[in-house]
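Just below is one structure, and these are the notes that go with it.
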Amino acid sequence: MNFPKVLILNQPFNNVSGGGITLSNLFKGWEKDHLAVVCLGTLLNEKTRLDICDQYYQLGEKEHLWKFPLSLMKRKYPSGPISLNEEKKNVQTIQKSPLRVKLLKEYINPALKWLGVSDWASTIQLSPELKKWLDGYNPDVIYAQAQRREAIVFCTLIQRYLNKPMVFHMMDDWLEVLPEYGMLGGYWHKVVDQEFRKMLGACTRHFSISEPMAEAYQERYGYSFSTYHNPIELDFWSKSQRTKFEFGDKIQILYAGRMGLGIQSSLETMAKCLEEINKESSTAIELVLQVGQKPDWINKYSCVTHRGFVPYEELPNRFSEADILFLPYDFTPSANAFIKYSMPTKASEYMICGTPVLIFAPEDTALVTYAKAYQWAQVVTKNEVQALKLGLLELINKKSLREEISKAAIKIAEERHDATKVRKQFREELSALVN
């Protein structure tokens, strides 16, 4: 297959963020010199992958412009192709000022959000240097993700300049949360909605992260969306696939991933649930949080253990060693609006490992819809300790249920998320744009 030259906007390759992981798994095996990324310097760090793509243009001070007085506070990144450290295979990043980071994180950024002017604060323009670099690379196709207004506008500017087919891939329904962002949130929602529709109109293809998102977006925006969720390499993720479902002296429930405010609330609900069960049961149950930073509330519960992030290569073993994999969502209205049509990157990774999955999420989310349709997880949709307790105890007390869930999850992962199949379809769809 001939690989078209693809320009990727706003998302670097990595094994950390959902967008970066999905991007890496979709484009793995592509001809390396036929991939290039343009994104903000804030997104480039030591986690950026260079094995799939090593052409990165950093949007810096010549393209990313901050309004006064923020222009005096915000860190200025150099513009242009970034230098690569070939020895360490990492992106060279400039050092951050601790004081500046503290001021921005604790005072300035929250103030901007409260006022509702975050989407006003900065813009991205096409500098002469960027245009020259784009002309030199001369892509066949543009692939874009975006999680904020300036990235949406940037996509439109790039497509208009290059006049090449563009594909947009939506990860989360973040536009629906904008009305709640400060006093001017409602105003900016209308502005960004118009700009988003304009950008979609400039696209030749439209991708979604889930089928419910594809259906909702077709009704909302009038375009057909193909669904591309995170594909998985079956050999890698099933190498230690769980086949036995008996418990040992202790039952281990594992959560691995990000620690947003709402996620922490759902995790603490699980901790409260386990505290009750452990008082009544002779078999202890432990919740292991495989996350970056230890939560403040963890010391209140003897049943919770913190474990830091592990190397990506170790994840299949860690997922298979656990007795139950926990997949919680936030239940607050704003968070529900954001993740309603999303699909967690780890969902397909959880499924193929064979360890029974317990989902704790609102009823109307794409995740719950998917799990119930194919019965690949035990699902609890009420944000109550007792509801979670009943769902968990059913999973613990019924070995046959754990086996059924495991078999269904593996089957669906093999049929619908096999990277070999998904990449082939993805490549064919992008290649067709060139012809």
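The values are calculated or read from the model by the stated rules, or taken from the named source; none is laboratory data. If you're wondering where the values come from, they're calculated on a predicted model, not measured in any experiment. Here the Cβ positions follow ideal geometry from the backbone for every residue, glycine too, while neighbour counts run over all protein chains shown. Side chains included, ligands, DNA and RNA excluded: accessible areas come from the protein's heavy atoms. Shrake-Rupley method; radii C 1.70, N 1.55, O 1.52, S 1.80 Å.
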Picking from THR332, THR420, the residue that is within 30 Å of LYS5 (Cα to Cα) and under 22 Å from the mean Cα position of the chain (by Cα) would be THR420
Do the conditions hold for THR48, that is, is it within 28 Å of LEU430 (Cα to Cα), hydroxyl-bearing (Ser, Thr, Tyr) and either at pLDDT 95 or above or assigned to a loop (DSSP other than H, G, I, E, B) (or both)?
yes
Picked from the stretch 374-402 (must be within 26 Å of LEU267 (Cβ to Cβ) and among the small types (Gly, Ala, Ser)), the residue surrounded by the most Cβ atoms within 10 Å (Cβ to Cβ) is ALA377
Residues (among the polar types (S, T, N, Q) and over 24 Å from LYS164 (Cβ atoms)) located in the stretch 201-217:
SER210
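If I ask for residues that are assigned to a helix (DSSP H, G or I), out of contact with any Phe, Trp or Tyr (no Cβ under 7 Å at 6 or more places or on another chain) and open to solvent by less than 20 Å² (accessible area, probe 1.4 Å), which ones from the stretch 270-293 would you list?
Here is the first cut: in the stretch 270-293, the residues assigned to a helix (DSSP H, G or I) are 270-280.
Pick out the ones that are also out of contact with any Phe, Trp or Tyr (no Cβ under 7 Å at 6 or more places or on another chain) and you get 272-274, 276-280.
If the condition is that a residue be assigned to a helix (DSSP H, G or I), out of contact with any Phe, Trp or Tyr (no Cβ under 7 Å at 6 or more places or on another chain) and open to solvent by less than 20 Å² (accessible area, probe 1.4 Å), then CYS273, LEU274, ILE277 are the ones that fit.
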Search the stretch 187-205 for residues being without any contact (Cβ under 8 Å) to a residue 40 or more places away in the chain and either open to solvent by less than 10 Å² (accessible area, probe 1.4 Å) or over 24 Å from the mean Cα position of the chain (by Cα) (or both), and hand back the single one that is nearest to LEU26 (Cα to Cα).
LEU200
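With the requirement that a residue be within 18 Å of PRO328 (Cα to Cα) and of a type outside the set (D, E, K, R), what does the stretch 384-400 give you?
Within the stretch 384-400, VAL385, GLN386, ALA387, LEU388, LEU390, GLY391, LEU392, LEU393, LEU395, ILE396 meet the criteria.
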Looking only at helices (runs of 4 or more DSSP H) that lie completely in the stretch 325-376, which have at least 1 residues being under 26 Å from ARG242 (Cβ atoms) and in contact (Cβ under 8 Å) with a residue 12 or more places away in the chain?
345-353, 366-374
Can you name the residue in the stretch 298-324 that is of a type in the set (S, T, N, Q) and within 15 Å of ARG242 (Cα to Cα) and is also most open to solvent (accessible area, probe 1.4 Å) among such residues?
ASN317
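Quickly run through the stretch 11-43 and pick out the residues that are part of a helix (DSSP H, G or I) and under 22 Å from TRP66 (Cα atoms).
Passing the criteria: GLY41, THR42, LEU43.
This table checks each residue for (1) in contact with a Leu (Cβ under 8 Å, 6 or more places away or on another chain); (2) not aliphatic (A, V, I, L, M).
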| site | (1), (2) |
| --- | --- |
| ASN299 | no, yes |
| CYS353 | yes, yes |
| GLN378 | yes, yes |
| LEU395 | yes, no |
For ILE405, state whether it is open to solvent by less than 60 Å² (accessible area, probe 1.4 Å), assigned to a helix (DSSP H, G or I) and not charged (D, E, K, R).
yes
All but one of (1) in contact (Cβ under 8 Å) with a residue 40 or more places away in the chain; (2) within 26 Å of GLN125 (Cβ to Cβ); (3) open to solvent by 30 Å² or more (accessible area, probe 1.4 Å); (4) in contact with a Ser or Thr (Cβ under 8 Å, 6 or more places away or on another chain) hold for PHE3; state the number of the condition that does not hold.
(2)
Test each condition in (1) open to solvent by 10 Å² or more (accessible area, probe 1.4 Å); (2) at pLDDT 95 or above; (3) out of contact with any helix residue (DSSP H, G or I) (no Cβ under 6 Å at 6 or more places or on another chain); (4) closer than 18 Å to HIS169 by Cβ for LEU23 and report the one that comes out false.
(1)
Given (1) modelled with pLDDT under 95; (2) open to solvent by 40 Å² or more (accessible area, probe 1.4 Å); (3) touching a Pro at 6+ places or on another chain (Cβ under 9 Å), where does GLU176 come up short, assuming only one miss?
(3)
So which residues in the stretch 1-18 are at pLDDT 95 or above and not β-branched (Val, Ile, Thr), if there are any at all?
PRO4, LYS5, LEU7, LEU9, ASN10, GLN11, PRO12, PHE13
Please go through the stretch 290-318 and pick out each residue that is of a type in the set (Gly, Ala, Ser) and closer than 21 Å to LYS250 by Cβ.
SER302, GLY308
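Looking only at the stretch 140-156, count how many residues are part of a helix (DSSP H, G or I) and basic (Lys, Arg).
The total comes to 1.
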Tell me, which residue of the stretch 157-170 that is open to solvent by less than 20 Å² (accessible area, probe 1.4 Å) and outside any strand (DSSP E or B) is farthest from TYR56 (Cα to Cα)?
MET170
Mind checking whether some residue in the stretch 139-146 is open to solvent by 50 Å² or more (accessible area, probe 1.4 Å), under 22 Å from the mean Cα position of the chain (by Cα) and closer than 18 Å to GLY60 by Cα?
no
The correct count of residues that are open to solvent by 40 Å² or more (accessible area, probe 1.4 Å) and either touching a Gly at 6+ places or on another chain (Cβ under 6 Å) or in contact (Cβ under 8 Å) with a residue 40 or more places away in the chain (or both) in the stretch 213-233 is 1
PRO362 being at pLDDT 95 or above and farther than 20 Å from GLN252 by Cα:
yes
